[in-house]
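Below is one structure, written out as structure tokens, with a few remarks after it.
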Amino acid sequence: MKSLVINDRGVFEQETYMLTPYGITKRKHTVQLKIVRLRQQIQDKEMEIRNLKAEIEQEEKNLTTLNSPLVESFIAKEKAKQEEIHKKAQSILKECIGDELYTKLQANKKIIFTAKDNITYKIEDNGRVYRKVEKEYKQLCIIKPGNLPLPDFLLAMFVNLRENPSKYPLRRR
């Protein structure tokens with residue numbers, strides 16, 4: 001049966017059904033199941049919120065620890081230590097490759113030299129190493145260890161390429 005309903009939102013046509021006892025029982029069961037599912041979802045969300053709050057608390061504790069003066073002093077000491085290592089590595093590099101090549105490295109950001117095999121090599125100040133093939137330079141396949149200071153790496157590459165260049169293949173593309 002259809003009826004008209006008028007309210008402040010407008011005029012609506014509404015259809016109503018007469019429920020049988022079986023339909024009423026079935027409808028009650030459906031509504032009860034929906035209520036149980038919704039309550040379970042609420043509990044799940046509350047559990048998720050509690051877990052997230054606990055995670056936030058833990059991360060705030062971690063941040064407080066990382067912002068402590070003890071950690072800040074450790075960072076400062078490590079930076080000073082790394083700067084000292086870098087300075088020593090620079091002085092060793094300068095001493096080993098000579099003033100002329102060191103000056104070229106500082107000015108041109110690269111050094112170019114000829115090794116024992118009479119092939120020209122180029123080492124850039126960022127650690128990339130190239131071999132001259134015909135008229136152009138091709139990059140060698142060399143991976144720098146992560147914790148090695150760059151000047152030490154440059155020195156190692158210079159000495160190894162100058163003395164034993166055949167160990168370093170060209171990079172595949």
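Structural remarks
- Ranked by the mean number of other Cβ atoms within 10 Å of their residues, highest first, the peptides 116-125, 98-107 come out as 116-125, 98-107.
- With eigenvalues of the C-alpha gyration tensor scaled by 5 and rooted, the range 89-167, Å: 19, 14, 12
- With all projection directions averaged, the alpha carbon convex hull of the chain covers 26.3 nm².
- Phi-derived couplings, Karplus 6.51 cos²θ - 1.76 cosθ + 1.60 at θ = phi - 60°, listed residue by residue for the range 105-121: 4, 5, 7, 9, 6, 6, 10, 10, 8, 10, 8, 4, 7, 6, 10, 8, 10 Hz, with x used for Gly and Pro.
- Directionally averaged projected area (the range 1-96, Cα convex hull): 17.0 nm².
- For Lys61, the lysines whose Cα comes closer than 29 Å to its Cα, not counting residues fewer than 8 places off in the same chain, are Lys45, Lys53, Lys77, Lys79, Lys81.
Read the figures in this text as sums done on the coordinates, not as results from a lab. For clarity, every value in this text was computed on a predicted model and none was experimentally measured. A quick note on method: Cβ atoms are made from the backbone with ideal geometry, for glycine too, and the neighbour counts reach across all protein chains shown.
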